[in-house]
């Protein structure tokens with residue numbers, strides 16, 4: 001018989017987690033104003049809130065932490081990271097930041113001004129927040145079928161090139177700050193972007209004389225999908241694919257807390273020396289000196305090692321395979337999920353789960369609460385709540401999809417944990433008709449409200 005698949009690593013250290021009672025969870029989520037961000041970690045049994053900074057570092061990464069150079073300027077850890085970034089991405093210039101949204105803040109301080117238009121395949125919450133904070137306009141040009149969960153297309157994260165062309169053509173050049181391509185496309189359900197699509201976006205960027213920035217948090221997972229789904233790439237290595245992806249970009253922002261498998265860190269990659277110099281000023285203002293930028297030497301060492309580990313095919317096959325297996329369990333039970341299953345998370349369609357709950361009552365948030373009540377599992381809403389309000393009309397924006405994201409940390413949970421999650425979701429599905437109402441907002445922040453919003457349970 002053929003030997004079964006097994007993970008390409010073994011477990012060296014464990015952390016005890018505790019199962020709570022339904023009664024405890026009801027009290028905790030009520031006290032948290034039905035916002036899962038407000039829960040304490042010990043009130044959560046399986047934490048799928050995010051895959052950002054929640055992964056398990058390797059022994060080599062922990063070893064690298066012990067040899068970090070904490071010099072304020074010119075640390076050897078900085079140069080180790082610089083070499084790793086150049087080797088893997090091809091970018092000659094880089095600035096370290098403490099995380100991805102800091103990288104956006106620094107780079108966008110150079111590229112974006114009031115009145116600008118920033119098109120892309122789909123801007124995630126912090127990206128859109130940084131754009132709108134500068135009184136610019138983020139325009140999503142996602143392919144239309146990304147909104148149909150039942151369309152099984154290998155690259156549902158792609159930009160609609162015709163739509164992007166129209167936006168670029170209709171906008172004066174001086175109002176085009178940059179194009180932002182997110183790989184993988186988180187808002188669309190962790191869906192990848194094809195190399196052909198990136199090439200097409202590059203051609204449009206050249207046509208209209210605008211910079212192309214890649215939001216790169218899950219670039220390695222995107223490369224895996226290109227290798228396994230796109231013609232002509234099966235025989236290429238992950239790192240070869242990564243180099244080609246970034247060859248089409250002028251700059252990149254990176255939340256290293258995802259595909260570099262560290263708990264804190266980010267960076268900006270750039271090809272142009274003048275852009276590097278301009279961004280350096282803001283990096284010094286917002287983050288720290290240009291050779292540490294909000295990171296310790298030990299963190300830079302761990303990040304350099306993580307970039308290599310995160311671009312290994314065997315690791316990516318294990319990581320994405322775990323996500324796929326859990327997603328298929330949920331899908332085969334008849335539960336509506338975004339198809340094909342994404343790289344870092346399973347996205348459940350709450351509008352089809354609770355078709356009787358209107359968007360104004362945040363059905364995805366209600367589903368996330370119910371999954372927590374059922375099994376102590378923390379996910380997050382990717383729907384009307386996250387989409388926020390239109391900065392002009394202050395009306396709730398239509399996100400197109402009402403999703404609950406179950407984001408799986410890297411190298412943390414076993415398949416038994418995933419079986420438990422799937423069973424909990426199935427139990428909520430079995431009693432879905434008894435859940436008739438959603439939630440109402442008690443208080444919200446003026447921007448990126450979903451992080452701190454306070455809600456009341458209706459009905």
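Just so you know, all these numbers are worked out from the coordinates, no wet-lab data involved. Keep in mind the model is a prediction, meaning the values are calculated, not measured. Here the Cβ positions follow ideal geometry from the backbone for every residue, glycine too, while neighbour counts run over all protein chains shown.
Listed values, structure above:
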| read-out | value |
| --- | --- |
| Over the chain, relative contact order from alpha-carbon pairs under 8 Å, at least 6 apart, % | 23 percent |
| Cα centroid separation - segment 436-452 against segment 206-250, whole Å | 36 Å |
| Value of D in µm² per second that Stokes-Einstein yields for segment 298-378, Kirkwood Rh from Cα pairs, at 25 °C (0.890 mPa s) | 163 µm²/s |
| Per-peptide average of other Cβ atoms within 10 Å, ordering 347-359, 279-291 highest first | 347-359, 279-291 |
| For the chain, the fraction of alpha-carbon pairs in successive 20 Å shells from zero, as % | 25, 59, 15, 0 |
| Within the chain, percent of DSSP bridges classed antiparallel, to nearest 5 | 65 percent |
| Length released on extending from residue 27 to residue 416, taking residue separation times 0.36 nm less the Cα-Cα span | 137.3 nm |
| Neighbour-count order for 312, 381, fewest beta carbons within 10 angstrom listed first | 312, 381 |
| Prolate/oblate/rounded call for segment 19-66, Cα gyration tensor, a/c under 1.5 rounded | prolate |
| Rounded to whole Å, sorted largest first: equivalent-ellipsoid semi-axes of segment 135-223, Cα gyration tensor | 22, 14, 12 |
| Segment 90-135-segment 265-310 distance, computed between alpha-carbon centres (Å) | 15 Å |
| Rg ratio (alpha-carbon, reference 2.2 N^0.38 Å) - segment 59-309 | 0.97 |
| Cα-only Debye scattering, segment 282-344: base-10 log of I(q)/I(0) at q = 0.19, 0.21 Å⁻¹ | -0.76, -0.82 |
| By average C-beta atoms within 10 angstrom, highest first, the peptides 141-147, 371-377, 259-265, 161-167 | 259-265, 371-377, 141-147, 161-167 |
| Segment 59-309: antiparallel DSSP beta bridges as a percent of all, rounded to 5 | 50 percent |
| Peptides 118-126, 70-78 ordered by average Cβ neighbours within 10 Å, highest first | 118-126, 70-78 |
| Global geometry of segment 209-325, whether rounded, prolate or oblate, following the gyration tensor of its Cα atoms and the 1.5 cut on a/c | oblate |
